[in-house]
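Since the structure comes first, as structure tokens, the remarks are kept for the end.
Derivation of every value follows stated rules applied to the coordinates shown; laboratory data play no part. The structure presented is a predicted model; accordingly, all values stated were derived computationally and were not measured. Glycine also receives a Cβ, built like all others from the backbone with ideal geometry; neighbour counts cover every protein chain displayed.
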Amino acid sequence: MQHGPRVQPGAARLQSCAVQVYVVHRLLLFVPTLLGASLLIFVLMRLVPGDIAQILVYQTGSEQSSVQEKQIKQIRTELGLDKPVLVQYVTWLGNAVRLDFGESYSQRRPVRDILLERFPRSMELAVLTMGLAMLWAIPLGVISAVRQNTWLDYGVRVLSISGLSLPIFFTGVLILYLLVRVFRYLPPLEYSALTENPVENLKQMIWPALAQAYYISAPIMRLTRSQMLEVVRQDYVRTAFAKGLSDRAVIYRHALRNSLLPVVTFIGWWGGRLLGGIVIMEIIFAVPGMGTALVQAVSYRDYPTVQAIVFVMALIFLAVNLIVDLLYGWLDPRIRLA
Amino acid sequence: MSAVAAQTRRLLARQPLGVAGAAVVLVLVATALLAPVLAPHGPKEAVFGQFVPPGREFPMGTDNLGRDVLSRVMWGARLSLYVGLVSVLVGVTIGSLWGIFTGYLGGIADVSSQRVIDCVMALPPIVLALSLMAAVGQSVNNVILALTILLTPTAARTVRSVALGIAASPYVEAARAAGTSHVRIVLRHILPNCLATYIVLVTTNISYAIVVEASLSFLGVGAPPDEPSWGGMLTAGTQAMETAPWLIFFPGVAISLAVFALNLLGDAIRDIADPRLRGGLG
């Protein structure tokens, strides 16, 4: 490509057309996939042995059976459980579009309020985790590649493979244990909002973010390293060295820039694992986010809440993947025609 | 020197980490198989007082219900490997067959199956498993079911792309030109060539399945609390972390060691089984 003739005007038009087709294709898939995922969860939730109304009534533990029968019937009508699943789904979807996710059984308030309250907290944790992970993973990956097969390289590789092997819930519990037992420090267990008390907020959020960032950083390190090793062997890097540029300029301006492209896609792939990890981290460090709400809702069998949270998580995950795909096409022009 | 010994030596020289991983995995499998004989006590049996620190009688101490931690860790290996192996074998096998057939058939079958896979994969894995567990209820077999549902679509997608490549290769074209039936092409040409990918998927997913099982049990929605799951033991330990740190230490180390060894072995098997990735720079 580099030595080829300049791209013809016609080819350029074709190329921008291909970009548009690609973007439209991606956007068109977004909504059906989200609908499919939400339908999947909806049907799953209705596969419950026994039904929700029964579970709800027997939990309250009232004595008389005729009263219970009546209650069960009433709840069924209230929740629309007497209608076919597909009708129920369409009703749910119609309400969800208007941001009405029904009433939470366990918290006795609209699910929308729970989402609005919890969503920013979980997103803060996710962004903090990703940011921390990249902060040290990318420089370490570069160092590891530049000093290939030295003790530094081996050290970084051992660090990354051990990061992948420690399950995050164990890392989280270990960090909590070290803080409490060794450093005699208990991170705040009461949540304070980032906007009201940023210091207290970070004091609580930094530990779960660190614990998961250790895990997430391992593959980023490996990816950066292998990409750097590949790019460093390319002709244009040799040219850059040959024309007398400093090592630093070649590595950071020429090699690293091109190595980081796959790292962008990585964020999309691992978005799902990141969200799953957030659930676990919130539980360990008592962060009242979406994950805590989800686990709580699962244990109370609070279906409207489970459904809404899973829906929102699928939405985030799909949106991140869409953005990453579009970003990748923009960053790397070669992808557009592929 | 015999041929086998020479081969072992070459393997050791080429894949030292893989061999080390295999050794640990062997110990793990032996522990899992022999748990009923090796473990000093039953996994659910209260043997002594609560929170006895590690000592001569109980090398890993006892837990909040007075059960022997060493025995529970050993039985935990059995549970982890059982869940991991069964779910991965079932999930990856179904997924691979699904991927091969839809990939080969192409057309509407392929497109629709890809869209279904999109939908399943739009849900973060742990979140999907969590909601599945909410629907079907807590039990070891339901964890296996949830994991199988988690693993099938990913396997289908990976194997499909491999099968597509094989289906487009000249020798399949030649076979088709020679009048070979579709069934025979799939069985004789495509299926055997997907075997390497299948093996790699199985070995690399076992550690993942074990971690997801432990995560679910850690969150209290996986195996029931009295089952000796490493994840569940860790939860119990977290509640008593200040007085009885051994309750988090031993199960945590057990699971990390198992995952580490399985990862090393999986990497080595990938290098050996998939020649395209051999000698990679990673």
**Request:** Would you mind ranking A:Thr33, B:Thr158 so that the residue whose beta carbon has the fewest other beta carbons within 10 Å leads the list?
**Result:** B:Thr158, A:Thr33
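Among B:Ser217, B:Ser96, what is the fewest-to-most ranking by other Cβ atoms within 10 Å?
By the 10 Å Cβ count, ascending, the order reads B:Ser96, B:Ser217.
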**Prompt:** What is the magnitude of the charge dipole of the protein assembly as shown about its Cα centre, with +1 placed on the Cβ of each Lys and Arg, -1 on the Cβ of each Asp and Glu, and no other charges, expressed in debye to the nearest 20?
**Reply:** 2120 debye
**Prompt:** Hull surface divided by four, with the convex hull built on the Cα atoms of the protein assembly as shown: how many nm²?
**Reply:** 37.2 nm²
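State the dimensionless ratio Rg/Rh of the range B:155-197 (Rg: radius of gyration of Cα atoms; Rh: Kirkwood radius). Mind showing how you got there, number by number?
Details: Rg = 10.2 Å, Rh = 10.5 Å.
Here the Rg-to-Rh quotient is 0.97.
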**Fill in**
Cα-based Rg/(2.2 N^0.38 Å) for the range A:138-276, rounded to two decimals, is 1.32
**Item:** Span from the the range B:70-85 Cα centroid across to the the range A:266-302 one, whole angstrom
**Value:** 26 Å
**Fill in**
Here the Kirkwood hydrodynamic radius of the range B:47-119, Cα-based and in Å, equals 15.9 Å
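Helix-only mean residue ellipticity at 222 nm, chain B, DSSP H runs n ≥ 4 weighted -39,500 (n - 2.57), per residue, nearest 500. What is it?
On the way: 10 runs with 197 residues, N = 282.
Dividing the helical sum by the residues of chain B leaves -24000 deg cm²/dmol.
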**All aspartates and glutamates inside 17 Å of A:Lys203 as judged from Cα atoms, apart from same-chain residues fewer than 8 positions distant** = A:Glu124, A:Glu190, A:Glu282
**Fill in**
Expressed in angstrom, Rg and Dmax over the Cα atoms of the range A:105-145 are 17.5, 55
**Request:** Mind grabbing the base-10 log of I(q)/I(0) for the range B:149-282 at q = 0.12, 0.15, 0.20, 0.22 Å⁻¹? Debye formula, identical points on the C-alpha positions, no solvent, two decimal places.
**Result:** -0.65, -0.83, -1.11, -1.22
**Item:** Ranking of A:Tyr185, A:Tyr328, A:Tyr214 by count of other Cβ atoms within 10 Å, fewest first
**Value:** A:Tyr185, A:Tyr328, A:Tyr214
**Item:** Value of D in µm² per second that Stokes-Einstein yields for chain A, Kirkwood Rh from Cα pairs, at 10 °C (1.306 mPa s)
**Value:** 67 µm²/s
**Item:** Degrees between helix A:9-45 axis and first principal axis of chain A (Cα, 0 to 90, nearest 10)
**Value:** 30 degrees
**Request:** Would you mind listing how long the range A:286-336 runs along its three principal axes, going by Cα atoms, in whole Å with the largest first?
**Result:** 50, 22, 10
**Estimated [θ] at 222 nm from DSSP helical runs (n ≥ 4, -39500 (n - 2.57)) normalised by residues in chain A, nearest 500** = -25500 deg cm²/dmol
**Asked** Which three extents, in whole angstrom, do the alpha-carbon atoms of the range B:1-141 cover along their principal axes, largest first?
**Response** 66, 58, 22
**Residues A:Leu47 and A:Tyr252, FRET efficiency given R0 of 41 Å [Cβ-Cβ distance, rounded to 0.05]** = 0.15
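Rounded to two decimal places and with Rh computed the Kirkwood way over Cα pairs, what is Rg over Rh for the range A:177-229? Don't jump to the answer; show the numbers that get you there.
Details: Rg = 15.7 Å, Rh = 13.2 Å.
That ratio is 1.18, to two decimals.
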**Complete:** Residue by residue through the range B:85-96, the couplings from Karplus 6.51 cos²θ - 1.76 cosθ + 1.60 with θ = phi - 60°, in Hz, x for Gly and Pro, are 5, 5, 5, 5, 4, 5, x, 5, 5, 4, x, 5
**Fill in**
Largest first and rounded to whole Å, the semi-axes √(5λ) derived from the alpha carbon gyration tensor of the range A:148-205 read 32, 15, 11
**Asked** Which far-off residues, 5 or more places away or on another chain, put their amide H under 5 Å from the one on A:Glu103, with H placed in the peptide plane?
**Response** A:Val111
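Over chain B, what per residue volume does the convex hull of the Cα atoms give, in whole Å³? Spell out each step's value before the answer.
On the way: hull volume 49.0 nm³, N = 282.
Roughly 174 Å³ of hull volume per residue.
Between exposed trypsin sites (Lys or Arg not before Pro) in chain B, where DSSP calls loop and at most 16 other Cβ atoms lie within 10 Å, what's the longest gap?
Working: sites that count: B:Lys44, B:Arg56, B:Arg278.
That gives B:57-277 as the longest site-free run.
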**Message:** Please compute, for the alpha-carbon atoms of the range A:218-338, the extent along each of the three principal axes and give them in descending order in Å.
**Reply:** 67, 35, 16
**Prompt:** Farthest toward the dipole's positive end in the protein assembly as shown, which of A:Pro219, B:Ile210, A:Gln296, given Cβ charges of +1 (Lys, Arg) and -1 (Asp, Glu) about the Cα centre?
**Reply:** A:Pro219
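When the convex hull of the C-alpha atoms of the range A:72-134 is computed, what volume per residue in Å³ does it have? Numbers along the way, then the final one.
Working: hull volume 8.0 nm³, N = 63.
Each residue corresponds to 128 Å³ of Cα convex hull volume.
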